[in-house]
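Trainee: Please see the structure below; I have some questions.
Readers should treat all values here as calculations from the given coordinates under stated rules, not as data from a laboratory. Because the structure is a prediction, the values reported are computed rather than measured. Note that we place each Cβ from the backbone using ideal geometry, even for glycine, and neighbour counts take in every protein chain shown.
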Amino acid sequence: MTRGVRVLLAISAVMLFLQWTLVSDADAFAVLGFQDGSLQRTLWSALTYMFVHYGLWHLALNMYGLVMFGPRLEAAMGTRGFTLYFLWCGLGGAMFHLLFVRTGLLIGSSAAVFGVMFAYCQQWPREEVGLFGTVPIRAWTLVVMLVAANLALGLLSAGDPTAGGERWAYAAHLGGLAFGWLYFRTPPAASLDRLRQRISPAPDYPDETPPRAIPRTLPRARAQRDEVDEIVAKSKAVAAQKRPTARALVTPVRTSREARAAELDRVLDKISSSGLDSLSTDERAVLDEMARRLRGEG
């Protein structure tokens, strides 16, 4: 269970509890439900209608669909993207209700849940889901069945005068699907390709593919060479200010590249921790020799 799904569940459950205890259904529907006649006074109802339901069964069916398809989709899209997508599909349900039905009351999150199911099928079309936890069925097959059922029920109830305002607005469900389709195919929005890139796992390479060799050390850049030159110059300046002392003869020893690099790193670490004054004569000679090599003089 992801955070966005939990919040949507909690809001809907709290609203139903308030309908049972503090607020009557009629008052809740009048303020939060979507109706053409009161749209100018309650413009917010284009979104709030999703969190009001007729009863426990209406809420349970919608929340079952949200829990079934929502968490995996939210994990792929992110909580913010998933929540905005949910509200967008709910807005599509309100628009379709306004265009094709106009009369009656629209409440419930069915349109938004249909949009969530559509997005799930876009990414995992061949995934099998358990219908009511028992019957395995492919996600795309389930969505097609629900769309066909909504069209049939919508046509049957269109001419029924007793259906009234409290019937489920089946056109709104199709609006959630349509806005879901539009969301993934509108260039300014998050396209389907972007969604797939965000949730697709790392590609599986065959076992026989040899891993790439990663160098243990990188070659020193030009800026590093300049930094060494600057340190050498400071070292010479400090040495010039000191009282002249007997200088031991230092014979450069030809060592391997790794040994020279390790010696230079040790000298640089000593400079970083104790300063230039702490260098011995041998260490200054090592620093001078390495500086010439880095400049290509040695």
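Trainee: Whole-Hz Karplus ³J(HN,Hα) for the stretch 70-75, in order, using 6.51 cos²θ - 1.76 cosθ + 1.60 and θ = phi - 60°, x for Gly and Pro?
Mentor: Values per residue, Gly and Pro as x: x, x, 5, 5, 5, 4 Hz.
Trainee: Moving on. Would you mind ranking MET50, MET95 by Cβ crowding within 10 Å, fewest neighbours first?
Mentor: The most exposed by this proxy come first: MET95, MET50.
Trainee: Also, I was wondering about something else. If you count, for each residue, the other Cβ atoms within 10 Å and average over each peptide, how do 16-23, 285-292 line up from highest to lowest?
Mentor: Highest mean packing first, the order is 285-292, 16-23.
Trainee: Still on this model: What spacing in nm lies between the two simple spin-label points modelled at TRP44 and ALA10, each 7 Å away from Cα in the Cβ direction?
Mentor: Going from the TRP44 label point to the ALA10 one covers 1.9 nm.
Trainee: Let me ask something else. From the phi of every residue in the stretch 82-97, what ³J(HN,Hα) in whole Hz does the Karplus formula 6.51 cos²θ - 1.76 cosθ + 1.60 yield, where θ is phi - 60° and glycine or proline is x?
Mentor: 5, 5, 5, 5, 4, 5, 4, 5, x, 5, x, x, 5, 5, 5, 5
Trainee: Long-range amide H contacts for ARG138: which residues qualify at under 5 Å (H placed 1.01 Å from N, peptide plane, sequence gap of 5 or more or a different chain)?
Mentor: HN-HN under 5 Å from ARG138: VAL129.
Trainee: Simple spin-label model, 7 Å along Cα-to-Cβ: VAL144 to VAL23 in nm?
Mentor: 4.1 nm
Trainee: Would you mind getting me the FRET efficiency between ALA152 and LEU182? Use the beta-carbon distance for r and R0 = 22 Å, nearest 0.05.
Mentor: For R0 = 22 Å, the calculated efficiency reads 0.35.
Trainee: Also, quick follow-up: With θ set to phi - 60°, apply the Karplus curve 6.51 cos²θ - 1.76 cosθ + 1.60 along the stretch 2-7 and write out the HN-Hα couplings as whole Hz, x wherever there is a Gly or Pro.
Mentor: Running phi through 6.51 cos²θ - 1.76 cosθ + 1.60 with θ = phi - 60° gives 8, 5, x, 5, 4, 5 Hz.
Trainee: What does the extension gain come out to for VAL31 and ARG72, with contour length at 0.36 nm per residue minus their alpha carbon separation?
Mentor: This chain segment gains 11.5 nm when fully extended.
Trainee: Taking the stretch 27-120, which chymotrypsin sites (Phe, Trp or Tyr not before Pro) meet the DSSP loop condition and have no more than 14 other C-beta atoms within 10 Å?
Mentor: TRP44
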